[in-house]
Amino acid sequence: MSLSFQDIILTLQSYWSRYGCVILQPYDMEMGAGTTHPATMLKALGEAPWNCAYVQPCRRPNDGRYGENPRRTQYYYQFQVILKPAPADSQDLYLKSLEALGLSLINHDIRFVEDDWENPTLGAAGLGWEVWCDGAEVTQFTYFQQVGGIACHPPCTEITYGLERIATVIQGVESHFALDWNGAKGDKNLSYADVLLDQEKQFSAYNFEHANTNMLSQHFKDYTKECEDLLAQNMIYPAYEQCIKASHTFNVLQARGVISVTERANYIARVRTLAKACCDAYNAHAA
Amino acid sequence: MTQSLSSPHVEFFVELLCEEIPARFQDRASDDFKNAFLKSAQTYGVIAHTAHVYMTPRRITLVATVDARIPAHTEERRGPRIGAPEKAIAGFCKGAGIALDQLITREGYYYAHLTTPDQSVGDVLGRVYHDACQAMTWPKVMRWPQSPTPWVRPVRHVCAVLNGAFYAMELPLFNLSSHPYTFGHRFLHPEKITPVSFADYEDKLTQAYVVIDPQKRADMITQQLQKHAMSHHLVWHCDEGLLRENVGLVEYPGVFLGRIDEQLMHTPDVAIITSMRHHQKCFAFYTSDQGGSTLAPFFGAVINTIPQDAGEALSKGYEQGMLKARLEDARYFYNHDVKVPLSDYILKYSSVTFHDKLGSLADKVNRIKRMIEDHYDTLKTLWPDLNRDDLLEAASLSKADVFTHMVGEFDELQGIMGEIYAREQGLCEDVAIALREHYQPLGPDAAVPQSAIGSVLALLDKLDTIFGFIGVGMAPTGSKDPFALRRAALGMIRIVRERAIYLDLKPILTTLRQAYANHHVMLSSMADDDTVDFLVTRLSFALKQEGLRHDIIACALGGANNNLDLAELSKRAVSLSSWWGTQNGRDTVENLKRVSAILNTVTESSCAIQRSHLCEDVERQLYDAVLRIEEELTNISTPDAILRALEHLALPIHTFFESVMVQHHDVMIRMNRIALLRRVYACAYQICDFDKLE
């Protein structure tokens, strides 16, 4: 009997809690990846040890397919683990977590395939791998080298599970929407589609057709200005939130198709400048 | 250093157990690490007889045979001059580890003799290996907390064996010490193994599901692919690059044969194959009928495990998972793209920048069309069947497929999808083919365009790129060629040579300059000359690669009034080179150079030749020869024929110099002889500057 979607999350939280990670809650703001959560982005800086794990819902407006694509959605869940300093047995810890989820490492083909991860908007980069399970990427495993353009001393391990992906392997289903969410029987059972399909359809339409681009463009300007103002007042966490908002706003504008190729580079550069400024400020503050 | 005569050899091997090393680094790294070790060994006086490095994604294993002993040797180190300050002398002694009274003086300097006693190789191998690791370079390195030194991926364990016994050594650069054991396959045999020799190591590892030799892993993969092919009546074509990549991803390769849903096969083969290869690193199979060219609904995936459930879990994963999703995407892209007329994308050209300084894609295409319009008549002489409308249509659509979903996903399919969509949409065959061909050649050994339109577009597109970047000051320098101009130039050269296209590019450059001006691009005034130089230099390079001598190349290509017909210049060089290989050729050049040498010493100004003042037979014969050849040259144009015509000057010149002196006391005769020689020179040296030949 394979784990339900919610049991997968509970199992991972339990596993990493036993290891010694603090189990955090998702950041209550739209973001594209678990890396953007301050628990990764800011806490990866500096020398203080830090071990945490959390679920993070991710929004990638461009990836919306109106719920018609079985594996691609504009909203999905990552499970994020940060281990600082990166333990010598990082890979083993990760592999044991897969076993804890009931995956046989012998009956499935598990491989570490080179993938050096980079998020130019956040000035973050690391070296590591995509972890493939039977040809599908289920996890991004990275040793962070820099965040916000600042070198990480010590480097930390970032493990980002694609929860839906792993769940489809564990449950042996093809489509994310067919995942058993709650493991209940009969008419108490809820699938992923039951929980999220309607939202997926509406938000796809919102991202591609309905979002008010004038408002969002103005918001982008407001967020960037507010971020700069807050940094000048040494309000680092509030400033970083504005940066997160700006980043997501840019993602929606892009999905709406109003950003040209040349403008795109500009937007990214502006968010990167903000992110770097926040990281610099955090670093100075922590030092 | 004394050579060891019959010192016994010992075997030394070290395995570094790392986290997965990128597949694409492994081959090169094996060589680099071996060389680093050999170099380091040399510095320490270790005599290595064999050395080899084996790699799996997780292991770098060096095995070497070395002399068991390093003979004693003395090194002489030079110190300060005699009379140098006491402090300097004392410092030198300290550095060399000797006392003042041990200094030797010679020829005004102090010397120290440092003797290293006879040593066991085991005393230094640790340092040799350590230094080799330190000298090793990788394209990309990373830091991890347990090590002071960055490396390609974290190193976690070291196993070292010397002469059958555990070799204890420290590797402070990774903060690790060696052990007598290592571990087997990560999942299939993670337990320890303790090897006593390299042969034993390879054996035990194989039993522990690790094949240390990449060649053996490659063989395992190809054998299994072949076996699957045979048992399903399929054909498998070797994809060398994909094979090597898979070799670098596994320690114990198995091959899983999976099925592709029939429905997903209704996409162009090239899209399916590219998707499988690019995203999944899987191999394609073909049905064995029709010469193995029909794609079969099967794929081969290289796996790194031996499933105990008869492959049930992973086959579900492979067949219903990402591969299916990717092929569904490919089908979606194709179905979506094929409905959009390629011409619809033309409007988008202006929104895509080709390069900041060179304008948009629309500008580029307009310039290509402009060159076509202005030089159509010339092109038509080269290709009588050329159709102007088709040529212009192909130019207009040449960048369209870049905007399709399929090419957006797989940029390696640009051009290829253009042809497919054009054909599907009913465009004429010549246009369809040209859309693919205008990107060619895709590599130094890849095909050049075969069609007229494809060739024209390929040439003009590359010329536009080269001229543009050179004109705005971004020509390649040293090892930096970010816009691949050298590759583009080589492509042009290959096209005109292999397709025998005799086209002078200079007039086209003039049009191009004007076209750039119309697009408000500021080009340097030297752009035309620099482009000519650039292309001629690349041609020289190519000819040199083919074995032509540099002086022959310089002679053939160096004419100041040359046009820029690269095929013609190339032919000239090749003809000159084979002519130079003949006795007649060398005799002719030798004589011509005599003429040139004499003329260099002459200061008198020119005059016309007067037949009446040709008093000797040899003078008249030489003059007649020149006249005949001048006449002949008006009728012939191929370099071979021209050079052979010049051969008829050899004997007359030779006889002339044997019989008469140029410096005759009679000024009329002297002037006449000089004029005659000048005439000979002009006739021959208009072809090329024979003085350049050595």
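Has region B:542-556 got any residue that is within 19 Å of the chain's Cα centre (by Cα) and of a type in the set (Asp, Glu)?
yes
Identify, by number, the condition in (1) over 19 Å from the mean Cα position of the chain (by Cα); (2) open to solvent by 30 Å² or more (accessible area, probe 1.4 Å); (3) away from chain B (no Cβ under 14 Å) that A:Glu241 doesn't meet.
Every condition holds for A:Glu241 apart from (1).
Rundown of residues vs (1) surrounded by fewer than 16 Cβ atoms within 10 Å (Cβ to Cβ); (2) away from every other protein chain (no Cβ under 14 Å); (3) in contact with a helix residue (DSSP H, G or I) (Cβ under 9 Å, 6 or more places away or on another chain), yes/no style:
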position	(1), (2), (3)
B:Ala88	yes, yes, no
B:Leu100	yes, yes, yes
B:Tyr109	yes, yes, no
B:Thr116	yes, yes, no
B:Thr137	yes, yes, yes
B:Pro145	no, no, no
B:Thr149	yes, no, yes
B:Ala160	no, yes, yes
B:Pro172	yes, yes, yes
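If I ask for residues that are within 12 Å of B:His519 (Cα to Cα) and either in contact with a strand residue (DSSP E or B) (Cβ under 8 Å, 6 or more places away or on another chain) or among the polar types (S, T, N, Q) (or both), which ones from region B:362-393 would you list?
Scanning region B:362-393 gives B:Asp363, B:Lys364, B:Asn366.
I'd like the full set of residues that are aliphatic (A, V, I, L, M) and modelled with pLDDT under 95, limited to region B:127-146. Please lay out each step first, then the result.
So the first thing to find is which residues in region B:127-146 are aliphatic (A, V, I, L, M), and the list is B:128, B:132, B:135-136, B:141-142.
Across region B:127-146, there are no qualifying residues.
Among residues belonging to region B:483-504 that are closer than 13 Å to B:Ala447 by Cα and of a type in the set (D, E, K, R), point out the one that is least open to solvent (accessible area, probe 1.4 Å).
So, considering only residues that are closer than 13 Å to B:Ala447 by Cα and of a type in the set (D, E, K, R), the one least open to solvent (accessible area, probe 1.4 Å) is B:Arg494.
Restricting attention to region B:471-482, report how many residues are open to solvent by 10 Å² or more (accessible area, probe 1.4 Å) and outside any loop (DSSP other than H, G, I, E, B). Don't jump to the end; show me each part of the working.
Residues of region B:471-482 that are open to solvent by 10 Å² or more (accessible area, probe 1.4 Å), as a first pass: B:472-482.
Those still in the list that are outside any loop (DSSP other than H, G, I, E, B) too: B:477, B:480.
The number of residues fulfilling the criteria is 2.
Of all residues in region B:331-343, how many are surrounded by 15 or more Cβ atoms within 10 Å (Cβ to Cβ) and outside any loop (DSSP other than H, G, I, E, B)?
Residues in region B:331-343 being surrounded by 15 or more Cβ atoms within 10 Å (Cβ to Cβ) and outside any loop (DSSP other than H, G, I, E, B): 7 in total.
Just a yes or no: is a residue in region B:117-128 at positive phi and small (Gly, Ala, Ser)?
Residues of region B:117-128 at positive phi: none.
Among the residues of region B:117-128, not one is at positive phi and small (Gly, Ala, Ser), which makes the answer no.
Restricting the search to region B:581-601, which residues are open to solvent by 40 Å² or more (accessible area, probe 1.4 Å) and not hydroxyl-bearing (Ser, Thr, Tyr)? I'd like the intermediate steps shown before the answer.
Within region B:581-601, the subset open to solvent by 40 Å² or more (accessible area, probe 1.4 Å) is B:581-584, B:586-587, B:590, B:593-594, B:597-598, B:600-601.
Result: B:Gly581, B:Gln583, B:Asn584, B:Arg586, B:Asp587, B:Glu590, B:Lys593, B:Arg594, B:Ala597, B:Ile598, B:Asn600.
If I ask for residues that are outside any loop (DSSP other than H, G, I, E, B) and either surrounded by 22 or more Cβ atoms within 10 Å (Cβ to Cβ) or without any contact (Cβ under 8 Å) to a residue 40 or more places away in the chain (or both), which ones from region A:15-38 would you list? Even if it seems obvious, please write down each step before you answer.
Step one: list which residues in region A:15-38 are outside any loop (DSSP other than H, G, I, E, B), which gives A:15-19, A:22-23, A:34-36, A:38.
Of everything in region A:15-38, those that are outside any loop (DSSP other than H, G, I, E, B) and either surrounded by 22 or more Cβ atoms within 10 Å (Cβ to Cβ) or without any contact (Cβ under 8 Å) to a residue 40 or more places away in the chain (or both) turn out to be A:Trp16, A:Ser17, A:Arg18, A:Val22, A:Ile23, A:Gly34, A:Thr35, A:Thr36.
Name the residues in region A:143-157 that are under 22 Å from A:Asp280 (Cβ atoms), within 13 Å of another protein chain (Cβ to nearest Cβ) and not aromatic (Phe, Trp, Tyr), would you?
A:Gln145, A:Gln146, A:Ala151, A:Cys152, A:His153, A:Pro154, A:Pro155, A:Cys156, listed by residue number.
List every residue pair whose Cβ atoms lie under 6 Å apart, where the two residues are 6 or more positions apart in sequence or sit on different chains, the first residue falls within region A:113-132 and is farther than 18 Å from A:Ala151 by Cβ and within 10 Å of chain B (Cβ to nearest Cβ), and the second residue, located anywhere, is basic (Lys, Arg) and surrounded by 18 or more Cβ atoms within 10 Å (Cβ to Cβ).
Going by the 6 Å Cβ cut-off, the qualifying pairs are A:Trp132/A:Arg111.
Please work out which residue is most open to solvent (accessible area, probe 1.4 Å), limiting yourself to region B:344-387 and to residues that are part of a loop (DSSP other than H, G, I, E, B) and closer than 18 Å to B:Asp430 by Cβ.
Taking region B:344-387 and keeping what is part of a loop (DSSP other than H, G, I, E, B), we get B:352, B:356-358, B:383-387.
Still in the list and also closer than 18 Å to B:Asp430 by Cβ: B:383-387.
Details: B:Trp383: 46, B:Pro384: 92, B:Asp385: 149, B:Leu386: 8, B:Asn387: 67 Å².
For region B:344-387, the residue satisfying everything is B:Asp385.
Considering only residues that are within 7 Å of another protein chain (Cβ to nearest Cβ) and among the aliphatic types (A, V, I, L, M), which ones fall in region B:321-342?
Those that are within 7 Å of another protein chain (Cβ to nearest Cβ) and among the aliphatic types (A, V, I, L, M): B:Met322, B:Leu323, B:Ala325.
Can you pull out the residues in region A:88-109 that are outside any helix (DSSP H, G or I) and either more than 8 Å from every other protein chain (Cβ to nearest Cβ) or at positive phi (or both)? Break it down stepwise before answering.
Taking region A:88-109 as the starting set, the residues that turn out to be outside any helix (DSSP H, G or I) are A:88-89, A:101-109.
Scanning region A:88-109 gives A:Asp89, A:Leu101, A:Gly102, A:Leu103.
Just give me the residues in region A:244-287 being open to solvent by 40 Å² or more (accessible area, probe 1.4 Å) and assigned to a loop (DSSP other than H, G, I, E, B), in sequence order.
Hits for region A:244-287 are A:Gly257, A:Val258, A:Ser260, A:Ala287.
Using beta carbons and a limit of 7 Å, which pairs, at least six apart or on different chains, have the first residue in region B:485-507 and within 12 Å of B:Arg538 (Cβ to Cβ) and the second one of a type in the set (Phe, Trp, Tyr)?
Close Cβ pairs satisfying both conditions: B:Leu485/B:Phe469; B:Ala489/B:Phe534.
For region A:9-53, enumerate the residues that are out of contact with any helix residue (DSSP H, G or I) (no Cβ under 7 Å at 6 or more places or on another chain), polar (S, T, N, Q) and under 14 Å from A:Ser97 (Cα atoms).
A:Gln13, A:Ser14, A:Ser17
What number of residues within region B:268-293 satisfy the criterion of being open to solvent by 10 Å² or more (accessible area, probe 1.4 Å), touching a residue at least 12 places away in the same chain (Cβ under 8 Å) and not in a helix (DSSP H, G or I)?
The number of residues fulfilling the criteria is 6.
Just give me the residues in region A:130-150 being assigned to a loop (DSSP other than H, G, I, E, B) and either in contact with a strand residue (DSSP E or B) (Cβ under 7 Å, 6 or more places away or on another chain) or over 20 Å from B:Lys281 (Cβ atoms) (or both), in sequence order. Even if it seems obvious, please write down each step before you answer.
As a first pass, look at region A:130-150 and keep what is assigned to a loop (DSSP other than H, G, I, E, B): A:134-135, A:148-149.
If the condition is that a residue be assigned to a loop (DSSP other than H, G, I, E, B) and either in contact with a strand residue (DSSP E or B) (Cβ under 7 Å, 6 or more places away or on another chain) or over 20 Å from B:Lys281 (Cβ atoms) (or both), then A:Gly135, A:Gly148, A:Gly149 are the ones that fit.
Scan region A:223-246 for residues that are touching a residue at least 24 places away in the same chain (Cβ under 8 Å) and not aliphatic (A, V, I, L, M) and report the count. Lay out the reasoning, then the answer.
Taking region A:223-246 as the starting set, the residues that turn out to be touching a residue at least 24 places away in the same chain (Cβ under 8 Å) are A:223-224, A:227-228, A:231, A:234, A:236-237, A:239-246.
Now restrict to residues that are not aliphatic (A, V, I, L, M): A:223-224, A:227-228, A:234, A:237, A:240-243, A:245.
Looking only at that region, the number is 11.
Go through the residues of region B:314-328 one by one and say whether even a single one is closer than 24 Å to B:Thr404 by Cβ and outside any helix (DSSP H, G or I). Working first, answer last.
In the first step, residues of region B:314-328 are kept if they are closer than 24 Å to B:Thr404 by Cβ; the result is B:322-328.
Adding the requirement that they be outside any helix (DSSP H, G or I) leaves none.
No, there is no match, as no residue in region B:314-328 is closer than 24 Å to B:Thr404 by Cβ and outside any helix (DSSP H, G or I).
Within region B:30-47, which residues are of a type in the set (A, V, I, L, M) and within 23 Å of B:Leu17 (Cβ to Cβ)? If you could, list the steps in order and put the result at the bottom.
In the first step, residues of region B:30-47 are kept if they are of a type in the set (A, V, I, L, M); the result is B:36, B:38, B:41, B:46-47.
Those that are of a type in the set (A, V, I, L, M) and within 23 Å of B:Leu17 (Cβ to Cβ): B:Ala36, B:Leu38, B:Ala41.
Only one of (1) in a helix (DSSP H, G or I); (2) open to solvent by 60 Å² or more (accessible area, probe 1.4 Å) fails for B:Arg217. Which number is that?
Result: B:Arg217 passes all but (2).
Looking at region B:439-483 only, could you name the residues that are β-branched (Val, Ile, Thr) and closer than 25 Å to B:Arg499 by Cβ?
B:Val448, B:Ile453, B:Val456, B:Thr465, B:Ile466, B:Ile470
For a quick check of your reading of the model, give me the residue pairs whose first member lies in region B:306-320 and is at the interface with another protein chain (Cβ under 8 Å from one of its Cβ atoms), whose second is part of a helix (DSSP H, G or I), with beta-carbon atoms closer than 7 Å and at least 6 apart or on different chains.
Short answer, once both residue conditions are applied: B:Pro307/B:Ala313; B:Pro307/B:Leu314; B:Gly317/A:Val169.
When you scan region A:42-63, how many residues do you find that are of a type outside the set (A, V, I, L, M, F, W, C) and either within 14 Å of another protein chain (Cβ to nearest Cβ) or at positive phi (or both)?
Residues of region A:42-63 of a type outside the set (A, V, I, L, M, F, W, C): A:43, A:46-47, A:49, A:51, A:54, A:56-57, A:59-63.
Now narrow it down to the ones that are either within 14 Å of another protein chain (Cβ to nearest Cβ) or at positive phi (or both): A:46-47, A:49, A:51, A:62-63.
Matching residues across region A:42-63 total 6.
The values are calculated or read from the model by the stated rules, or taken from the named source; none is laboratory data. Keep in mind that what you see is a predicted model, and the values were worked out from it rather than measured. Every residue, glycine among them, receives a Cβ derived from its backbone with ideal geometry; neighbour counts consider all protein chains shown. Surface accessibility is based on the protein's heavy atoms, side chains included, excluding ligands, DNA and RNA. Shrake-Rupley method; radii C 1.70, N 1.55, O 1.52, S 1.80 Å.
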